[in-house]
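Down below is the structure, laid out as structure tokens.
The values are calculated or read from the model by the stated rules, or taken from the named source; none is laboratory data. Small disclaimer: the values here were computed from a predicted structure and weren't measured. Virtual Cβ from ideal backbone geometry, glycine too; neighbours counted across all protein chains shown. These accessible areas exclude ligands, DNA and RNA; they are computed on the full protein's heavy atoms, side chains included. Shrake-Rupley method; radii C 1.70, N 1.55, O 1.52, S 1.80 Å.
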Amino acid sequence: MNAIEIRNLSKTFGSKRAVSGLNMTVPSGAIYGFIGENGSGKSTTEKALCGLLPFNSGSIKIYGKDCLDEDVRSSIGVLIEAPGCFQNYSV
């Protein structure tokens, strides 16, 4: 079973298209990262994946379940961009 399956994901902010028709599969046990220029949709995709940002179209499944499923959301931990607390600490 795949850990993540993203199909035809699209997200716009007004007239700005942040993500357009993204398809991605991450097999169970794999380690993936996003590389791209600022504004290329990396953080937008991650926020949609975690259910923190609604997307316009497409689907996201985590281990075969919809990413908006409460059981799925309760099992995800994420830190996107800069933390809002512990600003004097580093990884």
Review point. Working out 0.36 nm times the residue gap between residue 28 and residue 74, then minus their Cα-Cα distance, what length gain in nm do you get to one decimal?
Key: 14.7 nm
Review point. Which ³J(HN,Hα) values, rounded to whole Hz and listed in residue order, are derived for the range 10-27 from phi using the Karplus coefficients 6.51, -1.76 and 1.60 in 6.51 cos²θ - 1.76 cosθ + 1.60 with θ = phi - 60°, glycine and proline given as x?
Key: 9, 8, 10, 10, x, 8, 8, 8, 8, 9, 9, x, 6, 10, 7, 10, 10, x
**Study point:** Longest exposed-site-free window of the chain, the sites being GluC sites (Glu not before Pro) in a DSSP loop that have at most 13 other C-beta atoms within 10 Å
**Key:** 38-80
Exercise for review: Sum up the charges of everything whose Cβ sits under 12 Å from the Cβ of residue 18, counting Lys and Arg as +1 and Asp and Glu as -1, but leave residue 18 out.
Suggested key: +4
Review point. In percent, how large is the relative contact order of the chain, given Cα pairs closer than 8 Å and 6 or more residues apart?
Key: 32
Practice item. List the chymotrypsin sites (Phe, Trp or Tyr not before Pro) within the chain that fall in a DSSP loop (any state other than H, G, I, E or B) and whose Cβ has at most 15 other Cβ atoms within 10 Å. Key: 32, 34, 63, 86, 89
Exercise for review: For the chain, evaluate the Debye formula with one uniform point scatterer on each Cα (no solvent term) and list log10 I(q)/I(0) at q = 0.10, 0.25 Å⁻¹, rounded to two decimals.
Suggested key: -0.28, -1.40
Point to revise | Whole-percent carbon and sulfur share, accessible surface of the chain, 1.4 Å | key: 51
**Study point:** Average accessible area per residue (Å²) across the chain - probe 1.4 Å, nucleic acids and ligands excluded
**Key:** 71
Exercise for review: For residue 1 paired with residue 20, estimate the spin-label separation in nm (one decimal), with each label point 7 Å from Cα along the Cα-to-Cβ line.
Suggested key: 3.5
